[in-house]
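Notes follow once the structure below has been shown.
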Amino acid sequence: MPATRLASLVLSLVLTLGLALGTSGCVSLGLPVASASPWQPVALENRANPLDLAFDTDSHGFLVGSNRLILETSDGGASWQERALDLPPEENFRLISIDFRGSEGWIAGQPGLLLHSTDAGQSWTRLFLDTKLPGEPYLITALGSGTAELATNVGAIYQTEDGGTSWQATVSDAAGAVRDLRRNADGQYVSVSGLGNFFATWQPGQAIWQPHQRISSQRVQAMGFQPDGTYWMVTRGAQMRFNSDASNLDDWSKPVIPITNGFGYLDMAWDPSGAIWTAGGSGTLLVSTDAGKSWQKDPVGETQGTNFNRIAFLPDGKGFVLGERGHLLRWVG
């Protein structure tokens, strides 16, 4: 190879690496693998995509997903058994959200499905929604006896106080088509637009969603709440950002890019010890124990041939990672 061409290639590599390091305090072409994993694979017989789970007691709960998937556990999620719902066999529902408050449970599905149980999920009653409901059910939150909150995939938010017989709108204008929507324990929401080109926030008492422009050229993939109520964001290009002031949504950290492996992140969560976990494509499961300054690959996660789309840590300390095609990891600490 001519010396001039070799020098040009070396210079190009140096400039590329320098640009990457200049845009983030945490960029790596490779990451160390943690010496041990707190996750244990759980065998599921059904190959549908698990999408959400909830428990009514410490040991008993349900997992729902695509292709009418509903599984039940009585041992805290160590094993799961298939259950069936009394739904028309010709309808292929995507069960996208489930929540319990005591023995009262709710399931939201698409297209147009809402189920209600008052006996810890032993039986489910289908509630027929108004055909004028904006959008499809996306997120259901159990709030108390007979009380729940339903958000749709266009950001409409409704509440019921009579077990689902009637619903009242709590926001007068929907946010538009969303690709991601999360609710904090205090009732605040954050949504990401369908194209990822902006995000919006809503607090109880506000009449409309508050739109916010994204802060870089990278489209937003998902957003959620940190334990202190501030926000996190993952974007295209496998970038993460953290907000330090929930009242100032122009205040974001520099992009954090733990590893440039070509796979993006789809979710983020904090475990009981305060470590940050992020998950995404092709078995990507990373952890940071120093507030995002450095990262490690989880050794169990990278052996799973799936895309992880959800990390769920429950208030009682249980944790799960949900992946496509029947993949599930359970937190064992």
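Derivation of every value follows stated rules applied to the coordinates shown; laboratory data play no part. What you see is a predicted model, and the numbers here were worked out from it, not measured in a lab. No Cβ is skipped: glycine too gets one built from the backbone with ideal geometry, and neighbour counts run over all protein chains shown.
Stretching Ser294 away from Asp75 to a fully extended chain increases their span by 75.4 nm, per 0.36 nm per residue minus the current alpha-carbon distance. Within the chain, the longest run free of GluC sites (Glu not before Pro) that sit in a DSSP loop with at most 15 other Cβ atoms within 10 Å is 162-333.
The three principal axes of the C-alpha atoms in the chain carry coordinate ranges of 76, 44, 38 Å, sorted with the longest axis first.
Neighbours of Phe225 by Cβ distance under 11 Å: Lys/Arg scored +1, Asp/Glu scored -1, total 0. Under Stokes-Einstein, with the Kirkwood radius over Cα pairs as Rh, the value for the stretch 95-233 at 4 °C and 1.567 mPa s is 84 µm²/s. For Asp173, the residues whose modelled amide H falls within less than 5 Å of its own, excluding neighbours fewer than 5 places apart on the same chain, are Trp209. Going by neighbour counts of Cβ atoms within 10 Å, the residues Lys318, Lys297, Lys132 line up, fewest first, as Lys132, Lys318, Lys297.
Beta bridges per DSSP, both residues in the stretch 110-262: antiparallel share near 95 percent. Residues of the stretch 93-120 with an amide N closer than 16 Å to a point placed 7 Å from the Cα of Phe128 along the Cα-to-Cβ direction: 112-116.
Which part of the stretch 130-156 falls in the paramagnetic zone of Ser103, meaning amide N under 20 Å from the point 7 Å along Cα-to-beta-carbon? Residues 142-148 fall inside that zone. Annotation: extensible slack from Glu161 through Ser59 equals 34.0 nm (criterion: 0.36 nm per residue apart, minus Cα-Cα distance). When only alpha carbons are used to place a centre, the stretch 191-235 and the stretch 113-179 end up 22 Å from one another. Overall, the ratio between the Cα radius of gyration of the stretch 238-306 and 2.2 N^0.38 Å, rounded to two decimals, is 1.15. Under the criterion of Cα pairs below 8 Å and six or more residues apart, the relative contact order for the stretch 23-331 equals 16 percent.
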